[in-house]
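For reference, the structure is listed below as structure tokens.
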Amino acid sequence: MASARGEFSSRFGFVMAAAGSAVGLGNIWGFPTQAASNGGAAFLLVYLVVAFTLAYPALMAELIIGRHAHANAVSALRQVANNRGQRLVGGLTGIVGFVVASLILSFYAIVAGWMMAFCGASLATLSGAEDLAAWLTSFSLECNLLSMAVFLALTIAIVGKGVNDGIERWSSRLMPALLLTLVLLVAYVLTLDGALQGLKVYLLPDFSRALAPDLILKALGAAFFSLSLGVGTMLIYGSYLDDRQNLPLVGGMVTAVDIGIAVLAGFLVLPAMYVALHNGVEIFSAGGQLISEDTLIFTVLPDLFARMGLAGSVVSLFFFFLMGIAALTSSISMLEVPVAYTVETYGTGRKQAAVAIGCAIGVVSAVILLDFADLFGLVVTLTTRYSQPLIGFVFCIYAGWIWHRDKLLQELRKGNPEVASGLFWKIWPWWVRFFCPAIILAIFVQSLL
């Protein structure tokens, strides 16, 4: 069944695709500013701990269910259910998951379009086309619609090619390019005046805040969302894994790559902010807090790049190229969730499904742009603050409580016959049954409050 659907041809291809899904815009701009606003290295240390105590176990729940079923989230949750009621809830959760993934992509495509527009503006500046550069950074409705459509077209083209020729091939190219670009930017920014102060903010911990409940919950939320959990992206990628793969190992590799890139991004964004401050660009609000993430990316850093002359235009080009790659690798997995369901449920051709669903998402994005002030924040809140934690909670319940323990162990033994004697099996089943659901609910309650 798996081969007919498509299957990752190598462990490297899977890790690049899954890590690409996890490494999104939030890793590059969100995590560093959260760290700076919440105790610096204290937040970083807590984040590293909770990423492996919450995010990794929840990730494994999705991967194991997906690999067992070799099917989309709706079919997968129904397969592990034991009765009609559980199958009904599982199917409903899967459907809600692909609707949420589609809605996330609808606003994500807008923000990713901005990244592409700013990257194009840097190219235009280097070419002397100042009027074009000004239009690309104007945030006009026409520019926003065009950049959003171009970004969605790239996403559709990759997903339409399938698992091997599309998702795996391009993830295996884009993720190394992302990492190389990030390393080059970090190396350059750290040579600039003011960067050392940013490093101090990032790396010197305020231990008085390390055990603060609000910091711990923020770190838990950052770790949970950074791995693209709660919409079925990791479940569908797990369904394309062959039975020979050691799931705890590959899940750990994905988690390590995701965390590593988020931490590395801190060495870029925080020093860059203080380089901007050194050059006279304000990075603090009137209340003394660090400015919001969107202001940082689209106001502070472009202002800094503009003051750096030709070198700034080159750095701006590489920076927004980096952001564009991070957005694209995540958007691929988001579109794959509803496409896989449509292809497997209705027998639709993959290309036709990708085009139809992608265009429908584009229409939703256009509606959001037409009433941006009211709709953008509403869709973001509805999907990321409320829906994702609840869907992730259900995944953990199915893996920890509904799926029979013996059958779960049998699935893990396919790629690791000795798994029952290892540390993973001694801890994970109980962890995903009790600890993960409780913490996910705590994150959800915090979002309500």
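None of the figures in this text is laboratory data; all of them are computed from the coordinates on show. Everything quoted here is computed from the prediction, not taken from an experiment. So basically every Cβ, Gly included, is an ideal-geometry build from the backbone, and we count neighbours across all protein chains shown.
If you place +1 on the Cβ of every Lys and Arg and -1 on the Cβ of every Asp and Glu, how big does the dipole about the Cα centre of the stretch 2-448 come out, in debye to the nearest 20? Can you show the working numbers first?
Numbers: 23 positive and 24 negative charges, 302 e Å.
Taking the Cα centre of the stretch 2-448 as origin, the dipole is about 1460 debye.
Between 0 and 90 degrees, rounded to the nearest ten: what's the tilt of helix 350-370 against the longest Cα principal axis of the chain?
Tilt of helix 350-370: around 50 degrees.
In percent, what relative contact order does the chain have, based on Cα pairs under 8 Å that are 6 or more apart in sequence? Display every interim value, and only then the final one.
Details: 700 pairs, mean separation 149.3, N = 449.
So the answer I get is 33 percent.
At 0.36 nm per residue, minus the direct Cα-Cα distance, what do Q79 and S9 gain on full extension? Give it in nm, one decimal, please.
Numbers: separation 70, 0.36 × 70 = 25.20 nm, distance 2.48 nm.
Going from the current span to full extension adds 22.7 nm.
How far is it, in nm, from the label point at Y188 to the one at K426 when both lie 7 Å from their Cα along the line to the Cβ?
Once both label points are built, they end up 4.9 nm from each other.
Quick one: H278, H404, fewest Cβ neighbours within 10 Å first, how do they rank?
Details: H278 16, H404 10.
Ordered from fewest to most neighbouring Cβ atoms within 10 Å, H278, H404 come out as H404, H278.
For the stretch 174-182, what does the Karplus curve 6.51 cos²θ - 1.76 cosθ + 1.60, with θ = phi - 60°, yield as ³J(HN,Hα) per residue in whole Hz, taken in order and with x for Gly and Pro?
Along the stretch 174-182, the couplings run 6, 5, x, 5, 4, 5, 4, 4, 5 Hz.
Place +1 on the Cβ of every Lys and Arg and -1 on the Cβ of every Asp and Glu in the stretch 2-448, take the dipole about the Cα centre, and give the residue among V183, A306, V15 whose Cα lies farthest towards its positive end.
V15
Please report, in debye to the nearest 20, how large the charge dipole of the stretch 1-136 is about its Cα centre when each Lys and Arg carries +1 at its beta carbon and each Asp and Glu carries -1 there. Working shown, then result.
Details: 6 positive and 4 negative charges, 157 e Å.
About 760 debye.
Taking K218 as the anchor, which aspartates and glutamates have their alpha carbon closer than 19 Å to its alpha carbon, excluding any fewer than eight residues away along the same chain?
Leaving aside aspartates and glutamates fewer than 8 places away in the same chain, those within reach of K218 are D206, D258, E293, D294.
Under the Karplus relation 6.51 cos²θ - 1.76 cosθ + 1.60, θ = phi - 60°, what is the ordered set of whole-Hz ³J(HN,Hα) values for the stretch 15-30, x standing for Gly and Pro?
Once θ is set to phi - 60°, the couplings for the stretch 15-30 become 4, 5, 5, 5, 5, x, 4, 6, 7, x, 4, x, 5, 7, 10, x Hz.
Tell me what the chain gives for mean residue ellipticity at 222 nm when only DSSP H runs of n ≥ 4 count, each as -39,500 (n - 2.57), the sum divided by the residue total, rounded to 500 deg cm²/dmol. Let's see the in-between values first.
Numbers: 22 runs with 323 residues, N = 449.
Dividing the helical sum by the residues of the chain leaves -23500 deg cm²/dmol.
I'd like to know which of G230, P429, A286 lies farthest towards the positive end of the charge dipole of the chain, counting +1 on Cβ of Lys and Arg and -1 on Cβ of Asp and Glu.
Of the options given, the answer is P429.
Need one word for the stretch 181-224: rounded, prolate or oblate. Basis is the Cα gyration tensor (sqrt eigenvalues a ≥ b ≥ c); a/c below 1.5 gives rounded, then a/b vs b/c decides.
It is oblate, given that a/c is not under 1.5 and a/b is not larger than b/c.
Taking the Cα atoms only, what angle lies between the long axis of helix 436-448 and the longest principal axis of the chain, rounded to 10 degrees?
So the inclination is approximately 40 degrees.
Could you put S75, S239, S365, S285 in order, starting from the residue whose Cβ has the fewest other Cβ atoms within 10 Å?
Details: S75 18, S239 29, S365 26, S285 11.
So the ranking, lowest neighbour count to highest, is S285, S75, S365, S239.
Mind pulling the angle between the C-alpha long axis of helix 247-278 and the longest principal axis of the chain? Nearest 10 degrees, somewhere in 0 to 90.
Between helix and principal axis, roughly 10 degrees.
About the Cα centre of the stretch 300-449, how large is the charge dipole given +1 on each Lys and Arg Cβ and -1 on each Asp and Glu Cβ? Please answer in debye to the nearest 20. Present the calculation step by step, with values, prior to reporting the outcome.
Values: 10 positive and 8 negative charges, 93 e Å.
Dipole magnitude for the stretch 300-449 comes out near 440 debye.
Can you tell which of P389, M116, L270 lies farthest toward the positive end of the dipole of the stretch 2-448, using +1 and -1 charges on the Cβ of basic and acidic side chains (Lys, Arg; Asp, Glu)?
With unit charges placed on the Cβ atoms, the residue in question is P389.
Rounded to the nearest Å, what's the spacing between the alpha carbon centres of the stretch 63-102 and the stretch 359-423? Just the number, please.
10
Show me the trypsin sites (Lys or Arg not before Pro) within the stretch 170-252 that DSSP assigns to loop and that have at most 16 other Cβ atoms within 10 Å of their Cβ. Walk me through the intermediate numbers first.
On the way: sites: R173, K200, R209, K218, R244; in loops: R244.
Listed in order of number, the matching sites are R244.
Modelling each spin label as a point 7 Å along the Cα-to-Cβ direction, I'd like the Y346/L375 distance in nm, to one decimal.
Those two pseudo-labels are separated by 2.2 nm.
Report ³J(HN,Hα) in whole Hz for each residue of the stretch 64-75, in order, from the Karplus equation J = 6.51 cos²θ - 1.76 cosθ + 1.60 where θ = phi - 60°; Gly and Pro get x.
Going residue by residue, I get 5, 4, x, 5, 4, 7, 6, 7, 5, 5, 4, 5 Hz, with x marking Gly and Pro.
At R0 = 35 Å, how high is the FRET efficiency between A212 and H278 if r is their beta carbon distance? Nearest 0.05 is fine. Don't skip to the answer; put the middle values down first.
On the way: r = 30 Å, r/R0 = 0.86.
After rounding to 0.05, the efficiency reads 0.70.
Cut-off under 18 Å on the C-alpha distance; same-chain residues fewer than 8 positions from K161 excluded. Which lysines are left, in chain and number order?
Output for K161: K351.
Among Y202, Y47, which comes first, second and so on when ranked by fewest other beta-carbon atoms within 10 Å?
Details: Y202 23, Y47 27.
Arranged by neighbour count, lowest to highest, Y202, Y47 become Y202, Y47.
Quick one: length gained pulling Q197 to I291 fully straight, 0.36 nm per residue minus the C-alpha distance?
Working: separation 94, 0.36 × 94 = 33.84 nm, distance 1.66 nm.
This chain segment gains 32.2 nm when fully extended.
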